[in-house]
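S.K.: Mind looking over this structure? Questions follow.
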Amino acid sequence: MSKPIRAKISAVGTYVPPRVLTNSDLEKMVDTNNEWIMERVGIRERHVVDKGVAASDLAVEAVKKLRASYPFDLQEVDLIVVGTVTPDMMYPSTACLVQHKLGIENTWGFDVSAGCSGFLYALNTGVKFVESGQYKKVLVIGSDVNSSMTDYTDRAVCIIFGDGAGAVLLEPSEDGEVGVVDHVAQIEGMGGQFLCLPGGEVCTRPRTRRSIRKCIISIRMAGTSSSMR
């Protein structure tokens, strides 16, 4: 009986844009201060993109960092899975744009949308493709430009979110290597109203310029908007 195939993470690459938004910067933008932010979320600074930089751009940079530490032929990539809730556009997928920007010719890919857990969803998906024996090189990428959907007048949200990307290469593990053993996952939809991205109901049928302008898409979160002390 043949041994089961296990997937391993062969390499990791990460990238954040160079622009930094500090707590001091936020003090000038919204009713908050460094002490209030540190007490609630412990974040001193977050990286944000410059105008025009998209999730696919961050993803490509993360893959470049990955290859710098673990050189391999990009043309051998069988599958690209991108976890993102801030795709460059609705279609083509961010995975398609990443594939094009990296110049990979014979591969396929798709996006996974699962909020903060998107990378884990993408990772588990990629692992299963490797374990099936169908693919030997799978790029799994998590990339988000959260600043594009952050309301910088809402201090409950803008103090938390930033932009960045991470990428891993999955390959079959070799003899003696453990690889990815298992995963535990669960969803709790009943809590969705506490961290959500409303606006879909407004944008369902944007027939006019006015209705399009009314399409408000920004993160809404409960939990950190208590009064200043």
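The values are calculated or read from the model by the stated rules, or taken from the named source; none is laboratory data. Because the structure is a prediction, the values reported are computed rather than measured. All Cβ positions, even for glycine, are placed from backbone atoms using ideal geometry, and neighbour counts span all protein chains on display.
S.K.: Go through the stretch 21-66 and count every residue that is among the basic types (Lys, Arg), part of a loop (DSSP other than H, G, I, E, B) and within 30 Å of residue 81 (Cα to Cα). Quick ask: steps written out before the conclusion?
M.R.: Initially, the stretch 21-66 is screened for residues among the basic types (Lys, Arg), giving 28, 40, 44, 46, 51, 64-65.
Imposing the further condition that a residue be part of a loop (DSSP other than H, G, I, E, B) reduces the set to 28, 44, 51.
Narrowing the set further to residues that are within 30 Å of residue 81 (Cα to Cα) leaves 51.
Final tally of qualifying residues: 1.
S.K.: Among 175, 151, which is the only one that is closer than 30 Å to residue 27 by Cβ and at pLDDT below 90? Reasoning before the result, please.
M.R.: Working: 175 fails: closer than 30 Å to residue 27 by Cβ.
Answer to the check: 151.
S.K.: Residue 5 - would you say it is touching a residue at least 12 places away in the same chain (Cβ under 8 Å), outside any helix (DSSP H, G or I) and over 17 Å from residue 166 (Cα atoms)?
M.R.: Criteria met by residue 5.
S.K.: Looking at the stretch 43-77, which of its residues are among the acidic types (Asp, Glu) and surrounded by fewer than 19 Cβ atoms within 10 Å (Cβ to Cβ)? Before you say what the answer is, go through the steps one by one.
M.R.: Initially, the stretch 43-77 is screened for residues among the acidic types (Asp, Glu), giving 45, 50, 57, 61, 73, 76.
Listed by number, the residues that qualify are 45, 50, 73, 76.
S.K.: Consider only pairs whose beta carbons are under 6 Å apart and that are at least six residues apart or on different chains; among these, list those whose first residue lies in the stretch 152-167 and is aromatic (Phe, Trp, Tyr) and whose second residue is not in a helix (DSSP H, G or I).
M.R.: From residues that are aromatic (Phe, Trp, Tyr), the pairs are 152/29; 161/150.
S.K.: Consider only pairs whose beta carbons are under 7 Å apart and that are at least six residues apart or on different chains; among these, list those whose first residue lies in the stretch 76-87 and is without any contact (Cβ under 8 Å) to a residue 40 or more places away in the chain and whose second residue is in a strand (DSSP E or B).
M.R.: 87/111
S.K.: Anything in the stretch 41-69 that is charged (D, E, K, R) and farther than 12 Å from residue 167 by Cα? List them, or say none.
M.R.: Within the stretch 41-69, 44, 45, 46, 50, 51, 57 qualify.
Rundown of residues vs (1) in contact with a Gly (Cβ under 8 Å, 6 or more places away or on another chain); (2) over 29 Å from residue 189 (Cβ atoms); (3) not polar (S, T, N, Q), yes/no style:
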position: 67; (1), (2), (3): yes, yes, yes
position: 75; (1), (2), (3): no, yes, no
position: 79; (1), (2), (3): yes, no, yes
position: 100; (1), (2), (3): no, yes, yes
position: 112; (1), (2), (3): yes, no, yes
position: 121; (1), (2), (3): yes, no, yes
position: 135; (1), (2), (3): no, yes, yes
position: 150; (1), (2), (3): no, no, no
position: 170; (1), (2), (3): yes, no, yes
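S.K.: While we're on this one: Please count how many residues of the stretch 106-136 are within 20 Å of the chain's Cα centre (by Cα) and either within 10 Å of residue 80 (Cα to Cα) or among the small types (Gly, Ala, Ser) (or both).
M.R.: 11
S.K.: A further question on this structure: Of the residues that sit in the stretch 147-186 and are of a type in the set (Val, Ile, Thr) and out of contact with any helix residue (DSSP H, G or I) (no Cβ under 6 Å at 6 or more places or on another chain), which one is surrounded by the most Cβ atoms within 10 Å (Cβ to Cβ)? Step through it out loud before you land on a result.
M.R.: Let us first name the residues in the stretch 147-186 that are of a type in the set (Val, Ile, Thr), namely 150, 153, 157, 159-160, 168, 178, 180-181, 184.
Checking which are out of contact with any helix residue (DSSP H, G or I) (no Cβ under 6 Å at 6 or more places or on another chain) leaves us with 153, 157, 160, 168, 178, 181, 184.
Working: 153: 11, 157: 22, 160: 18, 168: 24, 178: 8, 181: 6, 184: 4.
Only one residue fits best here, namely 168.
S.K.: Since residue 196 meets every condition but one in (1) out of contact with any strand residue (DSSP E or B) (no Cβ under 8 Å at 6 or more places or on another chain); (2) modelled with pLDDT under 85, which condition does it not meet?
M.R.: (1)
S.K.: Out of the stretch 149-181, which residues are touching a strand residue (DSSP E or B) at 6+ places or on another chain (Cβ under 6 Å) and part of a loop (DSSP other than H, G, I, E, B)?
M.R.: Residues satisfying the conditions are 162, 173, 177, 179, 180.
S.K.: Consider the stretch 99-128. How many of its residues are in contact with a strand residue (DSSP E or B) (Cβ under 6 Å, 6 or more places away or on another chain), touching a residue at least 24 places away in the same chain (Cβ under 8 Å), crowded, with 19+ Cβ neighbours inside 10 Å and part of a helix (DSSP H, G or I)?
M.R.: Qualifying residue count for the region: 7.
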